[in-house]
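The values are calculated or read from the model by the stated rules, or taken from the named source; none is laboratory data. These numbers come from a predicted model, not from an experiment. Here Cβ is always computed from backbone atoms with ideal geometry, including for glycine, and neighbour counts include all displayed protein chains.
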């Protein structure tokens, strides 16, 4: 019979020895405890599932009870270790960067940073986990102030000659400061935004995507994949990947592995395009589905749009379930988490926005009703994979694909506050941008109320350049900044931001062509351009 190693047992061993809970020649014992909830009664009950073994039921029950008893203790120990590791990394980086900046740091500012550094060191030595977290937060505030003083004042590094700019360092570039996003420790705050590239033949990710994502991976960097369809009705563009079949899941695995091999954190964006489709993409040539039967008329995209069919109320739970299964499949492919695509005029936003949603059932009319579908998807996925692996992308102020709203601020705030109930990892919002001169955009900071309302990690995106991103983080308008076109054309974007190096220009003509090389994996790295 398999003997389980008792809790807190000390095993004297060399690195070459292997221990198992299973005796030689026996399979190991796997015990899973699931929470079952009755849909009708709401009654909750734990269900224990064990692998095939000869372990008696009383031993299984004893093990389960012991695991429950010590669950809080284990979580606290893990949190303490993670916090201490992060704090030690912050101390090392800050000291290193202060030394490299030397006399460029104003003495009063340097003194404040050094004081907070000492407090953090003391906390690491003798303080509690919460004391260390508080000390890290205090140090981070001083570092942010230092960043503002270095790049925001007359005579600072920003605005001086190129030779001086190239010596800029992460300490005064907030984009390059570390950040703890839930259980993920990020080494910088430059995120690869989800970018549809239309190079997945037959809706299956191709091997050339391995190089594409690997090129844009840095250790501790966050990447969000191109949108992957949740079902065969979710498609609206040619050559976009899916995540609803076993073949698709298997095709994603080597891509995810390549990102992980370089130390990256990889989230899969999952979507349903809704009415942004035509019958040619739909199974059996049926009409695309949506919250409405109003046709999309702008015709700005390559796709030609067929009149949609309004979903019946009783059909909506199936679509919610498609998202849940897609999230499960993403975990099966090895992704670290998922991002629900709730922006850009696609199906989720077709329910959120009152310019599109003309329903009279519980999914239409009031703000609460229009947000119901999105929040049901969030709840289903949180229950499936855990809140710490779930993000959502929203664009309350956008009017893409005729998806305007009469009160976008109220919509954004309601969603931000409602998402807090589920404790999801992050909210990724698109900042409305106002074009001024050439390719330069100004940001009116309209997402600030949502940033303040949402309690998790807040990701900003929408036409940011290096300076915009630095300012957004330094002024606490965002925790992370997602870059699309700049990251597409500069696979080593975080490194270029660190050095303030010139950027490759992107070619919009090659954004969505089927070529596996041109405009996809042939953008040069900084070392290649300087060779």
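Each row is one residue, and each column tells you yes or no for (1) at pLDDT 95 or above; (2) surrounded by fewer than 18 Cβ atoms within 10 Å (Cβ to Cβ).
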residue: 303; (1), (2): no, no
residue: 314; (1), (2): yes, yes
residue: 334; (1), (2): yes, yes
residue: 339; (1), (2): yes, no
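Which one of 142, 168 is modelled with pLDDT under 55 and either within 29 Å of the chain's Cα centre (by Cα) or outside the structural domain of residue 469 (by the TED database) (or both)? Please lay out each step first, then the result.
Details: 142 fails: modelled with pLDDT under 55.
From the options 142, 168, the qualifying one is 168.
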Scan of region 480-497 for residues that are surrounded by fewer than 19 Cβ atoms within 10 Å (Cβ to Cβ) and over 23 Å from residue 237 (Cα atoms), ordered by number: 495
Complete set of residues in region 239-249 that are in contact (Cβ under 8 Å) with a residue 12 or more places away in the chain and farther than 18 Å from residue 272 by Cβ: 247
Yes/no for residue 296 being at pLDDT below 95, crowded, with 23+ Cβ neighbours inside 10 Å and assigned by the TED database to the domain that holds residue 400: yes
Of all residues in region 502-513 being in a loop (DSSP other than H, G, I, E, B) and within 26 Å of the chain's Cα centre (by Cα), the one that is surrounded by the fewest Cβ atoms within 10 Å (Cβ to Cβ): 505
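Quick check on residue 178: is it at pLDDT 90 or above and under 25 Å from the mean Cα position of the chain (by Cα)?
Working: at pLDDT 90 or above: yes; under 25 Å from the mean Cα position of the chain (by Cα): yes.
So residue 178 fits the description; yes.
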Scope region 101-132; condition within 21 Å of residue 86 (Cβ to Cβ) and either assigned by the TED database to the domain that holds residue 180 or in contact (Cβ under 8 Å) with a residue 60 or more places away in the chain (or both); matching residues: none
The lone exception for residue 249 - which of (1) under 30 Å from residue 215 (Cα atoms); (2) surrounded by fewer than 19 Cβ atoms within 10 Å (Cβ to Cβ) it fails: (2)
In region 416-432, the residues that are surrounded by 19 or more Cβ atoms within 10 Å (Cβ to Cβ) and closer than 14 Å to residue 387 by Cα: 419, 424, 425, 426, 427
Single residue of 469, 456, 463 found to be under 30 Å from residue 420 (Cβ atoms), at pLDDT below 90 and surrounded by 18 or more Cβ atoms within 10 Å (Cβ to Cβ): 463
Residue ID - farthest from the chain's Cα centre (by Cα), chosen from residues in region 426-453 that are closer than 14 Å to residue 483 by Cα and at pLDDT 90 or above: 430
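Please report, ordered by residue number, the helices (runs of 4 or more DSSP H) entirely within region 306-423 with at least 2 residues that are touching a strand residue (DSSP E or B) at 6+ places or on another chain (Cβ under 8 Å) and on the phi < 0 side of the Ramachandran plot.
Details: elements: 316-332, 347-352, 367-370, 372-385, 408-419.
It comes to 316-332, 347-352, 372-385, 408-419.
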